[in-house]
Structure formats: C-alpha cells, structure tokens
Amino acid sequence: MKLLEKIFQIISKKEVYGLILIVVISYIIYNFGKLVISKVFTTGKNTYEVKKRKTVVSIIESLYKYFLLIIMAIFILKLYGIDVRSLVAGVGIAGALIGLALQDTLKDIISGISIIMENYYVVGDYIKLNDFTGQVIEFGLKSTKIRNFNGEVLVFANRNVEKVINISQKSAKLIVNIPTAYEEKAAKVEKILNNLIEELKKEKDIYENTKYLGISELGASEVMYTIQVECAQEKQWQIKRDVLRKIKDTYDKEKIKIPYKQIEVHHGQDI
C-alpha cells in the first residue's frame with residue numbers, strides 16, 4: 001500500500017501529470033494534423049499534381065512537427081516555472097549568431113521552397129543535373145536525392161540547383177529505325193507498321209502522336225523504315241525495348257525478314 005501511495009503522490013504532482021498530459025495531447029494533435037494535411041493536399045487532377053502535392057505534404061509535415069515540438073517545449077518549461085520570455089530573448093540573440101554561421105543552410109531552405117513554388121521537380125520525377133540523370137527519391141528543404149538506373153544515388157544541396165532539366169514534365173519522341181529486307185514489298189511493310197502503330201497507341205504510356213514516318217534509308221543490305229513513338233518521358237527506355245520486341249514479334253508472325261549484313265561479290269569476268 002505504501003508503494004502505491006508513493007506512486008500516487010508522484011503522479012499527482014502537476015510537474016508529472018502535466019508533463020504526461022502535454023506529451024499525450026501533443027502526440028494526438030500531431031497525428032490528427034498529419035491525417036488532415038494528407039487528406040487535404042494529396043488529391044489532384046492528374047498524376048503530376050498528385051506527386052507535387054505529396055512532396056509539399058512531406059515538407060509541411062516536417063515544419064508542422066518542429067512547430068509542435070517548440071510549442072510543447074514552451075509549455076513544459078512554463079510547467080516547471082522557467083521564465084520563457086527571458087529564454088526566448090536569449091534564444092533570439094543566439095539564433096541571430098547561429099543564422100550567420102548557417103547561411104548555407106538558410107540558402108538551402110530558401111532554394112527548397114523555391115523548387116516547390118516554381119515547379120522545378122517533385123518526388124517521382126526524372127531529372128538531369130549536369131551529367132547525372134535519375135529519379136527524385138527524396139526531397140527536403142535542405143537537400144535532394146536522385147537515383148539513376150544503375151542504382152547510384154546522388155545527394156545534393158538545394159542551393160546547388162542552378163540548371164536542372166525535368167524530363168518528366170514533357171513527352172519523349174523516340175525514333176525507331178526498323179531494318180527490313182529489300183525483297184519485302186514496301187506497301188505490305190507499311191501496312192503492317194501502320195497496324196502496329198494503332199495497337200501501340202492503345203498502350204497507357206504511348207501517346208496519339210505516334211506515327212509512321214516513312215523510309216529513311218536504302219542501306220547496303222536493308223531498307224530502313226522509321227516510326228516515331230511519343231511516350232511518357234520517364235518510361236521511354238522501357239517503352240523502346242517493348243516496341244522493339246513488338247516489332248520483332250510482328251515481323252516473325254508476318255514472315256518479314258530482318259536481314260543480316262550482306263556483301264555482294266562480283267567476279268572480274270562477270271563485270
């Protein structure tokens with residue numbers, strides 16, 4: 001009984017139950033706020049808008065978390081009788097000195113806000129920075145992480161974003177050359193390719209401007225037919241592989257020959 005009484009005495013002190021209440025209430029408010037932020041900001045009219053809003057949500061949640069931590073710390077200090085006003089004044093002076101020492105960090109934060117406001121890129125976009133091309137996998141107010149197709153991850157400070165190319169905000173136009181044997185009739189090949197193009201246009205990430213361009217070259221061993229495939233920029237590499245596979249399967253089905261390199265040799269007496 002004495003142990004329970006001691007525990008009750010400890011818990012009944014405002015410094016203890018007050019601290020518990022502040023932490024619990026802050027935790028509830030934080031999770032409720034996260035839910036509201038997510039519901040309000042993650043709906044969009046298209047895929048790009050949804051990605052942008054998710055990026056904004058991650059930034060807002062981070063700011064929201066630190067804001068609540070500061071408020072919680074102020075209430076805890078007041079609970080224990082610490083003069084918050086004098087502390088805030090001291091923190092203000094210290095903050096000014098720290099601000100001078102952390103100018104680069106402030107530049108990163110300002111650049112991070114600018115990246116969002118100016119639609120430079122969002123999480124999920126494919127971007128090119130100097131000679132590095134990859135997908136944005138993480139974005140914060142201070143830095144950005146992008147991963148290329150080899151799995152390499154580049155981390156750079158937001159202040160270093162001067163010239164970035166966003167290849168997700170526009171479509172790609174792939175030029176696909178299809179070598180075909182001379183003995184194949186051009187009218188037959190063109191009909192087959194046009195039918196194939198109509199099938200390609202039904203694919204999710206291939207756009208309406210996909211079309212047959214014509215014969216682009218009369219080579220030593222082949223006639224080069226060319227098609228243009230307009231598609232989602234970030235999917236262009238996989239789409240090109242898929243299109244080449246479909247062309248090969250179609251040629252096999254229609255028994256159209258893709259020639260090997262050939263050299264025609266003439267004997268001197270036959271010339």
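The values are calculated or read from the model by the stated rules, or taken from the named source; none is laboratory data. Please read these numbers as outputs of a predicted model, since none were measured by experiment. Positions of Cβ are backbone-derived with ideal geometry, glycine not excepted, and every protein chain shown enters the neighbour counts. For the accessible areas, the whole protein counts, side chains as well, though only heavy atoms, and no ligand, DNA or RNA atoms are used. Shrake-Rupley method; radii C 1.70, N 1.55, O 1.52, S 1.80 Å.
Name the residues in segment 200-256 that are surrounded by 14 or more Cβ atoms within 10 Å (Cβ to Cβ) and acidic (D, E), would you?
Within segment 200-256, E203, D205, E222, E230, E234, D242, E254 qualify.
Going through segment 129-142 one residue at a time, which ones are in contact with an Asp or Glu (Cβ under 6 Å, 6 or more places away or on another chain) and assigned to a loop (DSSP other than H, G, I, E, B)? Let's see the steps before the verdict.
Going residue by residue through segment 129-142, those that are in contact with an Asp or Glu (Cβ under 6 Å, 6 or more places away or on another chain) are 136, 142.
Of everything in segment 129-142, just one residue is in contact with an Asp or Glu (Cβ under 6 Å, 6 or more places away or on another chain) and assigned to a loop (DSSP other than H, G, I, E, B), namely K142.
Could you say whether any residue in segment 132-152 is of a type in the set (V, I, T), open to solvent by 20 Å² or more (accessible area, probe 1.4 Å) and within 30 Å of the chain's Cα centre (by Cα)? First the steps, then the outcome.
Here is the first cut: in segment 132-152, the residues of a type in the set (V, I, T) are 133, 136-137, 144, 146.
Right, trim to open to solvent by 20 Å² or more (accessible area, probe 1.4 Å) and you get 133, 137.
Now restrict to residues that are within 30 Å of the chain's Cα centre (by Cα): 133, 137.
Yes, segment 132-152 has at least one match.
Take residues that are under 21 Å from the mean Cα position of the chain (by Cα) and among the acidic types (D, E) and tell me which of the strands (runs of 3 or more DSSP E) falling wholly in segment 158-239 contain 1 or more. Step through it out loud before you land on a result.
Values: elements: 164-166, 171-180, 211-218, 223-232.
So the answer is 223-232.
Before we move on, is N194 surrounded by fewer than 19 Cβ atoms within 10 Å (Cβ to Cβ), in contact with a strand residue (DSSP E or B) (Cβ under 8 Å, 6 or more places away or on another chain), modelled with pLDDT under 90 and not small (G, A, S)? Steps first, please.
Details: surrounded by fewer than 19 Cβ atoms within 10 Å (Cβ to Cβ): yes; in contact with a strand residue (DSSP E or B) (Cβ under 8 Å, 6 or more places away or on another chain): yes; modelled with pLDDT under 90: no; not small (G, A, S): yes.
Considered against the rule, which asks whether it is surrounded by fewer than 19 Cβ atoms within 10 Å (Cβ to Cβ), in contact with a strand residue (DSSP E or B) (Cβ under 8 Å, 6 or more places away or on another chain), modelled with pLDDT under 90 and not small (G, A, S), N194 comes out as no.
I'd like to check something: does segment 143-150 contain any residue that is modelled with pLDDT under 85 and not in a loop (DSSP other than H, G, I, E, B)?
Yes, that holds for at least one residue.
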